[in-house]
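The values are calculated or read from the model by the stated rules, or taken from the named source; none is laboratory data. Here the structure is a predicted model, which means the values were calculated and not measured. Here Cβ is always computed from backbone atoms with ideal geometry, including for glycine, and neighbour counts include all displayed protein chains.
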Ligand SMILES: NC(=O)c1ccc[n+]([C@@H]2O[C@H](COP(=O)([O-])OP(=O)(O)OC[C@H]3O[C@@H](n4cnc5c(N)ncnc54)[C@H](O)[C@@H]3O)[C@@H](O)[C@H]2O)c1
């Protein structure tokens with residue numbers, strides 16, 4: 001079967017998708033592109049020759065079986081809703097929507113329409129980050145007690161003025177980009193118990209809310225998760241990095257290098273998983289460092305994400321980033337924002353990936369006031 005795929009929103013992220021999607025032919029064919037900006041449409045059409053061009057996505061429904069939605073966040077709910085109602089499967093960029101109520105609308109609509117609704121948590125499809133999750137949850141390199149995730153980027157309004165506006169983004173840097181890492185922490189470390197966020201727009205005055213975030217979360221197991229993200233980095237050494245401290249050493253994910261290195265300064269090479277990795281050809285990179293994993297493919301793993309989306313359409317199975325798990329990470333962020341506003345520690349109980357409820361539970365205080373009463 002060849003799925004006829006439409007792209008709604010042809011900006012920065014659509015460019016990342018379109019760069020690779022033709023490799024997935026004949027499983028899909030890009031039949032329609034939509035953007036309100038004709039210049040963006042023109043540029044996108046170079047990567048999708050033959051696709052019909054639209055400035056109103058409602059007019060393209062008959063050309064598509066499925067769509068990728070890569071719009072400003074305040075448009076996510078209505079666009080995904082209209083597409084599912086028109087019978088289309090939807091791969092919706094993160095975050096799913098900008099309030100809990102909007103996300104719950106989409107969860108209900110997905111169930112009613114029976115369409116596939118996948119959320120674009122692309123790191124869940126990157127083998128490097130998946131391997132890190134496997135090593136953390138599997139415990140073969142020790143029991144994890146602390147995970148730190150750093151992301152140092154420079155993102156200003158050249159991407160679009162909406163990026164700085166909480167009523168269009170749903171929050172600041174943490175909600176917009178940090179949602180990837182809160183999602184991964186919930187996946188890797190389990191049920192959260194409590195946490196704090198402090199953010200600032202110092203250094204990123206174009207952001208009305210925070211352009212720089214610090215999050216600390218305690219999990220039921222006793223493990224701690226920490227996330228530092230900034231959109232103001234004028235220089236970086238860490239880039240995107242993860243350190244997971246375990247009872248046996250430290251696992252060090254380097255996104256740019258595509259490696260996971262085990263650091264062991266205090267004990268020998270007796271760990272069975274390390275011996276197995278060495279026997280399988282793992283590279284020893286200094287007396288206490290072993291590269292235990294190297295990512296086979298470079299770049300954004302949007303094609304793996306779209307492949308999974310197509311699998312779900314073909315088989316009816318649920319995507320890994322289904323709308324319920326996608327809402328849980330946003331709920332954590334809105335509770336963190338709310339607690340920050342009130343100067344207290346956030347209560348994050350009940351927000352694990354396995355604790356989903358369709359009742360609204362986060363209150364409105366941490367969210368933009370866009371839905372009316
Ligand atoms: N997963 C990732 O790594 C990643 C990276 C960047 C962005 N994103 C996500 O992708 C989405 C889009 O972000 P972006 O950076 O590409 O933004 P962008 O501003 O570059 O692109 C958005 C596009 O939508 C168009 N648009 C606006 N209103 C429209 C409408 N009503 N109909 C059709 N087109 C319309 C704009 O003209 C623009 O071209 C967001 O959800 C963002 O969070 C994800």
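The figures follow:
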read-out	value
Residue match in the stretch 77-97 (condition: within 10 Å of the ligand (Cβ to nearest atom), surrounded by 22 or more Cβ atoms within 10 Å (Cβ to Cβ), over 23 Å from the mean Cα position of the chain (by Cα) and closer than 29 Å to residue 174 by Cβ)	no
Answer from 109, 128, 135 - the residue that is in the same structural domain as residue 277 (by TED's automatic domain parsing), touching a helix residue (DSSP H, G or I) at 6+ places or on another chain (Cβ under 9 Å), part of a helix (DSSP H, G or I) and surrounded by 18 or more Cβ atoms within 10 Å (Cβ to Cβ)	135
Number of the condition not met by residue 149 [criteria: (1) in the same structural domain as residue 251 (by TED's automatic domain parsing); (2) closer than 16 Å to residue 94 by Cβ; (3) in a helix (DSSP H, G or I)]	(3)
Top-ranked residue in the stretch 283-296 [being crowded, with 17+ Cβ neighbours inside 10 Å and under 29 Å from the mean Cα position of the chain (by Cα); ranked as farthest from residue 248 (Cα to Cα)]	295
Residue, farthest from the ligand (Cβ to nearest atom), within the stretch 2-19, restricted to residues that are at negative phi and assigned to a loop (DSSP other than H, G, I, E, B)	2
Test for residue 32: is it modelled with pLDDT of 95 or more and within 25 Å of residue 318 (Cβ to Cβ)	no
